[in-house]
Amino acid sequence: MTRHTKAQSIQAIILAAGASSRFKTGRTKLVEKICGRSMVLYPTDIFVNLNIPTVMVVGFQKDILEEVVKEEFGNKVTFIHQQEQRGTGHAIQCTRDSWHADTILVINGDMPLVTQENIEKLIKKHHDNDATISFATAHHCDPEAMYGRVIQGDDSIKIIEAKDFEGDLSEQCCINAGIYLIKRSFLENYLDKLQPSAVTKEWYITDLINIASAHKLTVQTVAVPFDRIRGVNDFKELWAAEQIKKSEIIQHWMSNGVRFAVAHNVQIDWNVTIESGTSIGSGAQLLGNTKIGKDCAIEAFTCLKNAIIGNRTTVYANSVIEKSEIGADCFVGPFSFIHGNSTLNNNATIGSFVEVNRSEIGAFSKAKHLSYLGDTTVGQKVALGAGLVTCNYDGINKHKTIIKDNAFIGGNNTIVAPVVIDESAITAAGSTITENVPAHALAIGRARQINKEGYADKVRAKQTIKPLASAMTEALKTTYESQQ
């Protein structure tokens, strides 16, 4: 039922005003991340995708919520402030002036696992039966789960909130999912008839089902799996929801030709993309807008955050790549750190314990060991020796190092920027380079070595005599003291 005329007569209301007290963080739970995305954005995305006009009722930390939602959906969601949180029924009352559709869809904001298919199924049944109210149900046997219980008789149906329920929760396993479709005309006639709970003093939207049933109006239910509608009220439930969402994401990529060595140990965000033939090692973290090409090997405990990895590239274990782009057929790591919008062009190699920051490494160039490349542009087919440091910061400003094609940088070099090392130039090992190096030149920037023939034996003799003299002095002192 995607985007047909019936969907256009529906208006969605997302309840997002609660104080999230069971999280015990002092923050709204709705911006807590599940696979890298604030949980309130998951149900919101469904309504935006279906072109259903959406109102979000906000209250506690409303500015934070509005900022998060606007960042992803812009002006596609309207916000209404519930200044005092007095229950779900009161929240709907706050939206009265915004009603314009024939049918009002109400959903709790903490349902990150609900699917578009669940929503469409509920909408279809509601319209097919011309129902006054339709709502989703599920079965869950845990008596500690704080869900309203659906009590159904021969010709009646009602929902009793968990806080008000006095029966055996373990026997009443049919629960209210927290998704409702309600005729606007019914809301206009009966919303003001809600009475506050004697226990909590709150107005409940669930009492509308009881009212509709008492008036012999059509009430429909749609059963959905519990894992699709489970709410998130504390960090234990957040953890459970994230494991389900992560499993869905990983299974999707497995179905598209991606191998996960130890899938349950991988952290993966909802918007990561991986192409076929790629393997992901144990403990890998794939975060943000990371995109991984075909036939790559991402080894164990690698962290990729907002990284782009080209085809057939290998990222060895324990490497970190953030906000950077790696070309095709590259080798990175182990224990490399590439960040700051750096770029590795095709066939480049960044080896163990090499940091690359705000730099570009040309095709077929290599820095294989123990180096720091900051604010550096490296041309093609450049060899960068072990222990290379580009000194890019003078305490006030950052400066660029440019190393052009086919240059050879010796081991243990210190390049003090700004410096240009031209094409095919060589710098000697152990050099400190402070000036530009012309093309095809050899630069030597180290102190002159002096060899003193035969002096090694003198050094050893001196080192031997000194401890011997100290030992003789100590022996004489001991002998003198014993004779006193």
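The values are calculated or read from the model by the stated rules, or taken from the named source; none is laboratory data. Given the structure is predicted, the values throughout are model-derived calculations rather than measurements. FYI the Cβ positions are ideal-geometry reconstructions off the backbone, even for glycines, and counts take in every protein chain you see.
Worth pointing out:
Okay, residues lined up against (1) closer than 12 Å to Ala383 by Cα; (2) over 40 Å from the mean Cα position of the chain (by Cα); (3) in a strand (DSSP E or B):
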{"site": "Ile402", "(1), (2), (3)": "no, no, yes"}
{"site": "Asn406", "(1), (2), (3)": "yes, no, no"}
{"site": "Asn412", "(1), (2), (3)": "no, no, no"}
{"site": "Ile415", "(1), (2), (3)": "no, no, yes"}
{"site": "Ala429", "(1), (2), (3)": "no, yes, no"}
{"site": "Glu435", "(1), (2), (3)": "no, yes, no"}
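- So Thr200, is it assigned to a strand (DSSP E or B) and either polar (S, T, N, Q) or surrounded by fewer than 16 Cβ atoms within 10 Å (Cβ to Cβ) (or both): no
- Annotation note: Cβ proximity below 9 Å between a residue of region 189-200 that is under 24 Å from Trp99 (Cβ atoms) and a residue that is among the polar types (S, T, N, Q) (sequence gap 6+ or interchain) occurs for Leu191/Gln93; Asp192/Gln93; Leu194/Gln93.
- In region 322-330, the count of residues that are at negative phi, among the acidic types (Asp, Glu) and assigned by TED's automatic domain parsing to the domain that holds Leu370 is one or more.
- For region 284-337, the set of residues classified as over 19 Å from Phe260 (Cα atoms) and of a type in the set (Asp, Glu) consists of Glu322, Glu325, Asp329, listed by residue number.
- Counting only residues that are surrounded by fewer than 17 Cβ atoms within 10 Å (Cβ to Cβ), under 39 Å from the mean Cα position of the chain (by Cα) and more than 28 Å from Lys236 (Cβ to Cβ), region 146-183 holds 0 of them.
- Only one of Asn345, Asn341, Asn311, Asn289 that is of a type in the set (S, T, N, Q), more than 18 Å from Thr273 (Cβ to Cβ) and surrounded by fewer than 19 Cβ atoms within 10 Å (Cβ to Cβ): Asn341
- Scanning region 360-381 for residues that are buried (at least 24 other Cβ atoms within 10 Å of the Cβ) and in a loop (DSSP other than H, G, I, E, B) returns a single hit, Ser365.
- Filtering region 270-329 to residues that are under 24 Å from Gln243 (Cα atoms) and among the aromatic types (Phe, Trp, Tyr) leaves Trp270, Phe301.
- Region 219-246, subset over 15 Å from the mean Cα position of the chain (by Cα) and free of Cβ contacts under 8 Å to residues at least 12 places away in the same chain, residue nearest to Leu287 (Cα to Cα): Ala240
- Residue, surrounded by the most Cβ atoms within 10 Å (Cβ to Cβ), within region 203-218, restricted to residues that are in contact (Cβ under 8 Å) with a residue 60 or more places away in the chain and touching a Lys or Arg at 6+ places or on another chain (Cβ under 7 Å): Ile209
Residue by residue, here is whether (1) hydroxyl-bearing (Ser, Thr, Tyr); (2) modelled with pLDDT of 90 or more holds:
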site: Ser431; (1), (2): yes, yes
site: Gly445; (1), (2): no, yes
site: Ala456; (1), (2): no, no
site: Val459; (1), (2): no, no
site: Thr464; (1), (2): yes, no
site: Glu474; (1), (2): no, no
site: Lys477; (1), (2): no, no
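- Just one of (1) surrounded by fewer than 20 Cβ atoms within 10 Å (Cβ to Cβ); (2) over 15 Å from Lys366 (Cα atoms); (3) without any contact (Cβ under 8 Å) to a residue 60 or more places away in the chain; (4) among the hydrophobic types (A, V, I, L, M, F, W, C) fails for Trp270. It is (3).
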